[in-house]
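Let me begin by presenting the structure, written as structure tokens, before commenting on it.
The values are calculated or read from the model by the stated rules, or taken from the named source; none is laboratory data. Since the structure is predicted, the reported quantities are computational estimates derived from the model, not experimental observations. Note that each Cβ is placed from the backbone with ideal geometry, even for glycine, and that neighbours are counted across all protein chains shown.
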Ligand SMILES: *Cc1c(COP(=O)(O)O)cnc(C)c1O
């Protein structure tokens, strides 16, 4: 189906960037350095600076950023890692890939991010790390999470795959835990033209370990110190991401402005708008409303040419891939309830304000 207002519009973005991208791509091809070249190194430096961290390590995807972060933290078979059930499957799949067992903790009903009040109960003798997810670009309540982690000597690895540029108490998400993991999947606030990811940290040991792990464990060519894998950030993606990084702040501001219009237009309607605690500055990767009549609203908006999506329809403990965890329906009531009510509306830097007003008015029409 072709929508008058699609959820994302890469075509518009490319039009906007074409004059910057094409000369850079031509230069990239003429240079002939395709793996771990100077653009990866430069992008790592620039991205670390943007995150207010000492180091950044480019990797193949957000999933691998999480997986390698766990391995660099010494976490594998026998360990448990806590995360939330209402996230991209990649978060829990990365835990499984490391050999550890994902343990889920329910979320706060207002923000749909990890509920610090439920965290202690999820910690057991095998727990080694917590992966809070800044879902939809909304920063988790990090202070109590970090405090509980400190008391229990647990690593905190942030899943910042949806929160490039979001802030918690004036600090960048991704700069609060021992490691911050980012995805540059094309739809993310900072998106590549394919798959790519990044890990940021301040700790030299983790940095060194991650540099080996992402590149087959090589210290020097053909000398393998650890059992690493091939998870390098492509040089060409780095060329393109360097261009897009310069626009990130501006694009995030555009997202925030559009989100503000949605909230103003919908706050007195029948739908529940996202709530951002005052000490956070969300990145609005997604603008996700809640309503008991979600499926009907989604169908109605489709008839008006408006594409909406559900992030995410099935909580991870109810996915077949995690059937081995034997977690029945009812295990995480807040996440389960939200999965039936959430609906993400179109929101990207190239969406115009009139479209947002039109979408909001159609939502109000639906409830009339
Ligand atoms: C996108 C995403 C990932 C995975 O990133 P990929 O680059 O697609 O592997 C992990 N966690 C969250 C919350 C995401 O949104």
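Would it be correct to say that residue 169 is in contact (Cβ under 8 Å) with a residue 12 or more places away in the chain and closer than 17 Å to residue 276 by Cβ?
Against the criterion (in contact (Cβ under 8 Å) with a residue 12 or more places away in the chain and closer than 17 Å to residue 276 by Cβ), residue 169 qualifies.
Only one of these is surrounded by fewer than 17 Cβ atoms within 10 Å (Cβ to Cβ), over 21 Å from residue 4 (Cβ atoms) and within 26 Å of the chain's Cα centre (by Cα): 338, 331. Name it.
Just a single option satisfies the conditions, and that option is 331.
Out of 105, 140, which single residue is within 16 Å of the ligand (Cβ to nearest atom) and farther than 17 Å from residue 174 by Cα?
None of the others qualify; the one that does is 105.
Restricting to the range 65-81, what's the tally of residues that are within 16 Å of the ligand (Cβ to nearest atom), closer than 22 Å to residue 107 by Cα and surrounded by fewer than 24 Cβ atoms within 10 Å (Cβ to Cβ)?
So the count comes out to 0.
Of everything in the range 116-137, what is more than 16 Å from the ligand (Cβ to nearest atom) and within 17 Å of residue 75 (Cα to Cα)? Give them in sequence order.
Within the range 116-137, 123, 124, 125, 126, 127, 128 meet the criteria.
Output the residues belonging to the range 275-307 that are away from the ligand (no atom under 16 Å from the Cβ), buried (at least 17 other Cβ atoms within 10 Å of the Cβ), outside any helix (DSSP H, G or I) and at pLDDT 95 or above.
Listed by number, the residues that qualify are 280, 281, 289, 290, 291, 306, 307.
Among the residues of the range 230-237, is there at least one that is touching a residue at least 12 places away in the same chain (Cβ under 8 Å), closer than 18 Å to residue 75 by Cβ and more than 13 Å from the ligand (Cβ to nearest atom)?
no
Tell me, please, whether a residue that is more than 25 Å from residue 163 (Cα to Cα) and surrounded by 13 or more Cβ atoms within 10 Å (Cβ to Cβ) can be found in the range 231-250.
No: the range 231-250 contains no residue that is more than 25 Å from residue 163 (Cα to Cα) and surrounded by 13 or more Cβ atoms within 10 Å (Cβ to Cβ).
I'd like to check something: does the range 154-163 contain any residue that is over 17 Å from residue 128 (Cα atoms), at pLDDT 95 or above and more than 12 Å from the ligand (Cβ to nearest atom)?
no
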